[in-house]
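*Asks:* One structure follows; several queries about it will come next.
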Amino acid sequence: QVHVVESGGGLVQAGGSLRLSCAASGRTFSSLGMGWFRQAPGKERAFVAALSWSGGNTYYADSVKGRFTISRDTAKNTVYLQMNSLKPEDTAVYYCAVSSGSRSYDKYHAYDYWGQGTQVTVSS
């Protein structure tokens, strides 16, 4: 089992920045990658960004390229999502997830363990 905990959400004005953190504990040695998804009210959970644990390759949704950056601290089993130039449409609950069996990092079904989510609200 892998336990996933997100933190760092909050309220920010449009154009501002936030950094989300995601800490994984437990059987993390089996992790292939970690990703961020988000879900806005009335919408499906959508891919935001992901990182392969071994090579450090990064993947982004088109809507956040150039604004968001995913990074990691391997010693802490922690992944970060730096979000800059935030827009009201970025408002959502952000979820962190760990994949242990698939490298389809932009796909919801690739992930085995999920955090509880953290709210990000961007005001206009």
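The values are calculated or read from the model by the stated rules, or taken from the named source; none is laboratory data. The model shown is predicted, which means the values in this text are computed figures rather than measured ones. When we count neighbours, we look across all protein chains shown, and the Cβ atoms used for this are built from the backbone with ideal geometry, even at glycine. Heads up: the accessible areas ignore ligands, DNA and RNA and are worked out on the full protein's heavy atoms, side chains in. Shrake-Rupley method; radii C 1.70, N 1.55, O 1.52, S 1.80 Å.
*Asks:* Along each of its three principal axes, how wide is the spread of alpha-carbon positions in the stretch 50-124, in whole angstrom units, largest first?
*Replies:* For the stretch 50-124, the Cα extents along the three principal axes come out at 39, 24, 22 Å.
*Asks:* Pull out a ≥ b ≥ c, the square roots of the eigenvalues of the alpha-carbon gyration tensor of the stretch 9-48, then state rounded if a/c is under 1.5, prolate if not and a/b is larger than b/c, and oblate in the remaining case.
*Replies:* In terms of gyration-tensor shape, oblate.
*Asks:* A further question on this structure: Accessible area per residue of the chain at 1.4 Å probe, in Å²? All intermediate terms of the calculation are to be shown ahead of the outcome.
*Replies:* Values: 6240 Å² over 124 residues.
Each residue of the chain exposes 50 Å² on average to a 1.4 Å probe.
*Asks:* How would Trp36, Trp114 rank on accessible area, largest to smallest, probe 1.4 Å?
*Replies:* Trp114, Trp36
*Asks:* State the answer as a single residue: which of Gly55, Ser102, Val12 lies farthest towards the positive end of the charge dipole of the chain, with beta carbon charges of +1 for Lys and Arg and -1 for Asp and Glu, about the Cα centre.
*Replies:* Among Gly55, Ser102, Val12, the one farthest towards the positive end of the dipole of the chain is Gly55.
*Asks:* Over the heavy atoms of Val79, what accessible area does a 1.4 Å probe trace out, to the nearest 10 Å²?
*Replies:* Spelled out: Val79, probe radius 1.4 Å, area about 0 Å².
*Asks:* Nearest 20 debye, what's the magnitude of the dipole of the chain about its Cα centre given +1 on Lys and Arg Cβ and -1 on Asp and Glu Cβ?
*Replies:* Result for the chain is approximately 120 debye, rounded to the nearest 20.
*Asks:* Express in whole angstrom the spacing between the alpha-carbon centres of the stretch 95-124 and the stretch 5-52.
*Replies:* If we compute the Cα centre of each part, the gap is 6 Å.
*Asks:* Tell me, what % of the accessible area of the chain is carbon and sulfur with a 1.4 angstrom probe?
*Replies:* 46
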